[in-house]
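The values are calculated or read from the model by the stated rules, or taken from the named source; none is laboratory data. Everything quoted here is computed from the prediction, not taken from an experiment. When we count neighbours, we look across all protein chains shown, and the Cβ atoms used for this are built from the backbone with ideal geometry, even at glycine. Accessible surface is based on the protein model in full, side chains and every heavy atom, while ligands, DNA and RNA are left aside. Shrake-Rupley method; radii C 1.70, N 1.55, O 1.52, S 1.80 Å.
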Amino acid sequence: MAKVLRDKIITLLGAGFLGYYLSISLLHDLIRNNLLKLLPPINARHLPDSYVNIMGAAIFAISAYLLFNVVLEKRSFKLYKKSYLTAISLLIIVPLVIAGVFRVHAVSLVHKAEATTPKEITIRTDREGDSLMFAVGTSSATGVAKSIFFTEPLLDDFGKGIRKMELKEAVSSEEQRMDSSYLTMWIRYEIDGKWYSKILSYGQSYKFRDDK
């Protein structure tokens, strides 16, 4: 009995470490993308990756426990029904709990950053013709869009105004209505040595934030 218990503990630890390292490499994007689906429209580039690793370790460890009971111990479901149901429940509940904690933590980090004074604000026009054109050939030219940069002491006032803005529509970069004229504002924050940015746009009577 002691040997079986020892083997089970070793199997669980091994599976947990395997899940942890796979979540860093092969399964990282899959787990992270599913976690990001639970977030509101925020910039997710600098959110902590530790939840991805914890998720991988937990799923692999619980799955290993079930497989050990079925394959190695060959436990009867009727005799060990409670044990099986508990493991299956954990396989569902634990990832949901981790995802919930990740969402709360991510949103709190963003709110904390956006509560500070921006480090840099840039406004750029995307209207046709609002650029400086340079000839690159006899029949072609390239343009440089006009941009406005705001620095201190206006940053604090702009930051307060941005926090009062109402979000009307959130879209990804692929869904932007490039055929319409709009203004785009990039706001960069910095907190705890890390930067965070948000993008606000206005055009044709709609506002949206693209943070993806």
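Descriptive notes on the structure:
- Contour minus Cα-Cα distance for TYR21 and LEU96 (0.36 nm per residue): 25.0 nm
- Each peptide in 93-99, 53-59 was scored by the mean count of other Cβ atoms within 10 Å over its residues; highest first, the order is 53-59, 93-99.
- If R0 is 35 Å, the Cβ-Cβ spacing of ASP192 and ILE10 corresponds to a FRET efficiency of close to 0.35.
- Using a probe of 1.4 Å, the accessible surface attributed to MET165 totals some 90 Å² when neighbouring protein chains are kept in position.
- Modelled label positions at ALA87 and VAL70, each set 7 Å beyond Cα in the direction of Cβ, lie 0.9 nm from each other.
- Straightening the chain between ALA44 and LYS164 buys 41.0 nm, computed as 0.36 nm per residue apart minus the Cα-Cα spacing.
- Solvent-accessible area of the range 1-134 (1.4 angstrom probe, protein heavy atoms only): carbon and sulfur portion equals 69 percent.
- The range 1-115 - charge dipole about Cα centre, Lys and Arg +1 at Cβ, Asp and Glu -1, debye rounded to 20: 500
- Calculated on the alpha-carbon coordinates, the convex hull of the range 1-115 measures out at 109 cubic angstrom per residue.
- Ranked by solvent-accessible area (1.4 Å probe, protein heavy atoms only, all chains present), the residues LYS164, LYS8 order from largest to smallest as LYS164, LYS8.
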